[in-house]
Structure formats: structure tokens, C-alpha cells
Amino acid sequence: MDYQLTDTQAKFRELAGEIAEKHIKPLRGEYDHTGAFPREIVKYMADADLFRLIIPREYEGLGGGVMDMVVVAEELSRVCGGISLAYAATMLGTFPILLYASEVQKLKYLPQIASGKKLAAFALTEPNAGSDVSAVRTRAVKKGSHYVLNGTKQWITNGKEADIYSVVTSTDPSRGARGMSAFIVEKGTEGFSFGKKENKLGIRGSTTMELVFDNCYVPPDNLIGREGAGFLVAMRTFDISRPGVAAQALGIAQGVLETLIAFTKEHHLENRPLISSQGVQWQLADIATEVEAARALIYQVARNIDSGEKNVATISSMAKVYASDIAVRAANTATQIMGGYGFLEDFHIEKMLRDAKITQIYEGTNQIQRNIIALGLIKEYGSHKN
Ligand SMILES: Cc1cc2nc3c(=O)[nH]c(=O)nc-3n(C[C@H](O)[C@H](O)[C@H](O)COP(=O)(O)OP(=O)(O)OC[C@H]3O[C@@H](n4cnc5c(N)ncnc54)[C@H](O)[C@@H]3O)c2cc1C
């Protein structure tokens with residue numbers, strides 16, 4: 001389908017596709033095995049200006065929006081849903097700065113991210129604060145002119161590899177969600193270190209780390225927005241980042257479709273290509289239809305966000321739920337159709353199944369997304385009588 005991409009979007013889709021095919025495809029199996037961080041591929045992304053794309057022009061970016069990010073995330077994830085996260089998680093860590101940082105903070109941090117020399121990360125989750133964001137316990141206490149951070153963040157994508165962290169803390173536990181505040185914390189700040197690196201089912205070409213704050217002094221200039229705005233910063237960030245997770249899932253599903261078509265054309269049963277079986281064709285038709293439906297939804301949501309629409313939580317969650325569910329289903333179906341070949345690592349379908357699964361879990365599980373969608377429905381239809 002023609003989605004009428006702008007010239008810039010079409011150009012960056014092609015650039016991301018080239019990086020994916022030329023540089024990521026040959027190495028995705030290796031990164032999946034080793035779990036190492038794909039620094040060499042980040043360099044290709046930076047050289048192609050991928051990190052510059054959504055940064056405003058006044059901060060050395062190209063002035064794109066969520067739609068531009070989505071197109072790139074999809075194309076990278078089509079080949080590897082793990083390595084693509086060096087890009088997507090940097091965008092996640094950048095959104096709080098784009099949305100709420102001061103002019104001084106933007107001038108300091110955004111050009112560094114735009115150049116790709118410094119990656120970003122978003123740190124919210126803690127051992128007892130995942131779905132329940134307001135349960136964050138990492139404390140930021142004002143001491144003299146500085147805030148002192150103490151606490152542990154877990155499962156942070158790009159952890160240790162990123163230089164710029166958007167960290168959500170509690171400045172006033174008695175006020176719950178209203179007592180939360182977000183800070184920019186730079187790698188190398190005294191009292192900020194890294195703990196356990198996680199070993200994962202999928203997206204193994206990405207890094208998932210524990211962050212430890214032990215009497216970490218952060219200057220007040222690093223507060224994002226105002227004190228007490230941390231919950232809002234996190235929620236608004238998710239509103240615009242969730243189409244990115246949806247795009248990751250969409251890319252994986254597109255990769256599944258392409259792999260399955262190639263396999264079923266090649267693989268023969270009773271002297272006929274597998275794709276000539278009507279049973280297989282119907283399943284291919286379902287996957288292709290769902291992939292196109294996901295793409296149409298994600299692109300429209302991204303365009304709505306870029307056009308300045310404010311209440312996007314519901315549609316953003318819809319895009320994430322739908323794309324992640326169809327990606328897992330597509331990868332599971334493809335593995336079954338491919339039989340033993342699907343279960344082996346040679347065709348990367350088993351990897352796509354493992355990579356797809358996380359898209360139903362992070363940036364809010366799909367149960368939480370359904371809660372958000374239901375809340376939106378109740379708000380929209382609640383006052384109506386039938
Ligand atoms: C590989 C990986 C990378 C990640 N990257 C990041 C990152 O970069 N930054 C970051 O901050 N976090 C990150 N996370 C954390 C991720 O966002 C959380 O895992 C996710 O939000 C769910 O939280 P939880 O795992 O603590 O599950 P819990 O909140 O403990 O939930 C457990 C189960 O209960 C269900 N549940 C909870 N509350 C409700 C409810 N109200 N209604 C219905 N069901 C409910 C959940 O859906 C889930 O099935 C990452 C996680 C992983 C695994």
C-alpha cells in the first residue's frame with residue numbers, strides 16, 4: 001500500500017533498510033548468541049544520520065517526528081528486533097528531553113544525541129515498580145544546591161552503553177504519583193554505576209542493565225520540567241514512544257512474512273512447493289492482512305501525534321497492543337508452518353518469535369495497554385445512555 005511517505009521518510013526508510021540488509025543481517029545471529037552490544041552498527045546508524053532524524057533543526061537535527069522514527073524502527077526491526085533497540089531505546093530516552101527539558105538542557109544534550117556519539121536511555125522500572133509506575137522508590141532528596149539520588153533501576157535498555165539517562169525518581173513519597181520527578185543523569189556522574197546485565201529470551205542484541213544510584217549528586221539544572229512532574233513526563237513519553245514499540249513489532253512481523261514466503265516457495269512437499277497448499281496460503285493471507293492493518297494503524301497514530309493531537313494515549317496503546325499481538329502470532333504460525341526448519345536457528349524465525357515476545361511486555365504490558373484503552377472507552381462513551 002502507498003502510505004505517501006514524505007521524501008525524507010522514503011529516503012530514511014531506504015537508508016535504514018540498507019543498514020539492516022548490509023550490516024545487521026550478516027551479524028544478527030552472532031549478536032543473538034553473544035548478547036554483546038552492537039557498537040559497530042550504531043556507528044553506521046549515526047553516519048546515516050538516523051539519530052538526527054527526529055531532533056529539531058535548532059539542536060542539529062533534521063526536524064522529523066514520530067512518523068519518521070516509526071519508519072526507521074520498522075525497517076531496522078524487519079531484520080533484527082534486538083539490534084534495532086540501540087536506535088529505538090535512544091529515542092525513548094530522548095523523548096522526555098524533547099517534551100519537557102529547558103532550552104539550556106536541549107542545547108546541551110540534543111546535539112550530542114543527534115550526532116549519534118552519545119546514546120540515551122529511559123530509566124523508570126524498579127524491582128517493585130513495573131506496571132505500577134507510582135511505586136517508584138528511587139529517592140531524589142534536595143541537599144544544598146543538589147539533588148541526591150539513591151535507589152536501583154532494573155532492566156534498562158541501553159544501560160551502560162548510553163551516556164544520557166532520563167531517570168524517573170520520587171522527590172516526595174507522601175504525594176505518590178504527584179511526588180515524582182525526572183532528571184537527566186550522565187554516565188560518569190559520581191555515585192552512578194551499573195549492576196547486573198540481564199540474560200534474555202530475545203532481543204539479545206540489546207543490552208538490559210541495572211542502574212545503581214548511591215549518593216549520586218545531580219545538579220538542579222538536570223531536573224526535567226518541574227519538581228513533581230515526573231509521572232507526567234513518563235506518561236507523555238509513553239504516549240509518543242509506544243508507536244515505536246509497535247513499529248518494532250511490525251518490523252518483526254514483516255520480517256516473518258518475508259521469511260515465510262521465501263521458505264514456502266523453496267521448500268517442497270510431495271514434489272510441490274509448500275506455498276501451493278491452500279492451508280499455507282490462507283495463513284499467509286492472514287499474516288499479510290494483519291501486517292498491513294498494523295502498519296495503517298501505526299502510521300495514522302504517528303501522524304496524529306505529529307499533527308499535535310493531545311489525547312493520544314488510547315490510540316497509542318491500540319497500536320502497541322495490536323502490532324505486538326499480531327507479531328507474536330505471525331512468528332508462532334510461521335514457526336509451525338516451517339516445521340523443524342522453523343525450530344532451528346538457520347532461518348531466524350525462532351529468533352523472531354523470541355524477539356517479538358518482549359513487545360507485548362515492555363513500555364507497559366499489553367494488559368496495561370488494554371486498561372488504558374478501556375479507560376479511554378469509558379471516558380468517551382461513559383456519559384452516553386443507550
Ligand atoms: C528486556 C527488557 C527491557 C526493558 N527496558 C526497559 C527500559 O529501557 N526502561 C524501563 O524503565 N523499563 C524497561 N523494562 C521494564 C518493562 O517496561 C516492565 O517489565 C514492564 O513495564 C512490566 O513490569 P514488570 O515486569 O515489573 O511486571 P509487573 O508490573 O510485576 O506485572 C506482572 C504481571 O501483572 C500484570 N499486571 C500488573 N498490573 C496490572 C493491572 N493493573 N491490570 C492487569 N494486569 C496487571 C502485568 O501485565 C504482568 O502480566 C524492560 C523490561 C525488559 C524485560
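Each residue of region 317-327 was assigned a 3J(HN,Hα) from its phi angle through the Karplus expression (A = 6.51, B = -1.76, C = 1.60, θ = phi - 60°), giving 5, 4, 4, 5, 4, 5, 5, 5, 5, 6, 5 Hz with x at Gly and Pro.
Neighbours of Ala114, meaning other residues whose beta-carbon lies under 14 angstrom from its beta-carbon, give a summed charge of 0 when Lys and Arg score +1 and Asp and Glu score -1. Fully extending the segment from Val104 to His268 would add 52.8 nm, taking 0.36 nm per residue of separation and subtracting the current Cα-Cα distance.
Residue pairs exceeding 23 angstrom between C-alpha atoms, taken from Lys320/Lys379; Lys153/Lys351; Lys25/Lys357: Lys153/Lys351. Here the contact order of region 7-118, divided by its residue count and restricted to Cα pairs under 8 Å and six or more residues apart, works out to 33 percent. At full extension, Ala36 and Ser193 could sit 54.6 nm farther apart than now, given 0.36 nm per residue minus the alpha carbon distance. Taking amide H atoms as placed 1.01 Å from N in the peptide plane, the amide H of Thr207 lies under 5 Å from those of Asn158, each 5 or more residues away in sequence or on another chain. Counted by Cβ distance under 14 Å from Ala162, the other residues give a net charge of +3, where Lys and Arg count +1 and Asp and Glu count -1. When the trypsin sites (Lys or Arg not before Pro) in region 204-261 are filtered for DSSP coil states and for at most 15 other beta-carbon atoms within 10 Å of their beta-carbon, the remaining sites are Arg226. For the pair Asn215 and Ser115, a Förster radius of 30 Å applied to the C-beta separation gives a FRET efficiency near 0.40, rounded to the nearest 0.05. Remark: the Cα gyration tensor places region 1-111 in the oblate category, a/c being 1.5 or greater and a/b not exceeding b/c.
Can you check how the C-alpha radius of gyration of region 121-228 compares to 2.2 N^0.38 Å, as a plain ratio? It would help to have the intermediate numbers written out before the result.
Numbers: Rg = 13.3 Å, N = 108, 2.2 N^0.38 = 13.0 Å.
My calculation over the Cα atoms of region 121-228 gives 1.02.
For the chain, the 222 nm mean residue ellipticity estimated from helices alone, with every DSSP H stretch of n ≥ 4 adding -39500 (n - 2.57) and the total spread over all residues, rounds to -16000 deg cm²/dmol.
Taking a ≥ b ≥ c as the square roots of the eigenvalues of the alpha-carbon gyration tensor, region 69-160 is classed oblate because a/c is 1.5 or more while a/b is no larger than b/c.
Computed extension gain for Arg178 through Arg329, at 0.36 nm per residue and net of the alpha carbon distance, reaches 50.5 nm.
If you wrap a convex hull around the C-alpha atoms of the chain and split its volume per residue, what is the figure in Å³? Working shown, then result.
On the way: hull volume 56.1 nm³, N = 386.
With only Cα atoms used, the chain gives 145 Å³ per residue.
Remark: the chain carries a charge dipole of roughly 1040 debye about the Cα centre, counting +1 on each Lys and Arg Cβ and -1 on each Asp and Glu Cβ.
Of all DSSP-defined beta bridges confined to the chain, some 85% are antiparallel rather than parallel. The relative contact order of region 237-350 comes to 39 percent, based on Cα pairs under 8 Å that sit 6 or more residues apart.
For region 1-63, chymotrypsin sites (Phe, Trp or Tyr not before Pro) are listed when DSSP marks them as loop and at most 16 other Cβ atoms sit within 10 Å of their Cβ; the list is Tyr3. A cut-off under 10 angstrom between Cβ atoms defines the neighbours of Gly202, and their net charge, with Lys, Arg +1 and Asp, Glu -1, is +2. For the chain, leaving out every one of the GluC sites (Glu not before Pro) that falls in a DSSP loop and has at most 12 other Cβ atoms within 10 Å, the longest unbroken run is 1-189. Specify whether the C-alpha gyration tensor of region 101-148 places it in the rounded, prolate or oblate class, a ≥ b ≥ c being the square roots of the eigenvalues: rounded for a/c under 1.5, otherwise prolate if a/b is larger than b/c and oblate if not. Since a/c reaches 1.5 but b/c is at least a/b, the shape of region 101-148 is classed as oblate.
Read-outs: derived from the displayed coordinates by stated rules, not from any lab. As the structure is a prediction and not an experimental result, all values here were calculated from the model. Note: ideal-geometry Cβ built from the backbone for every residue, glycine included; neighbour counts use all protein chains shown.
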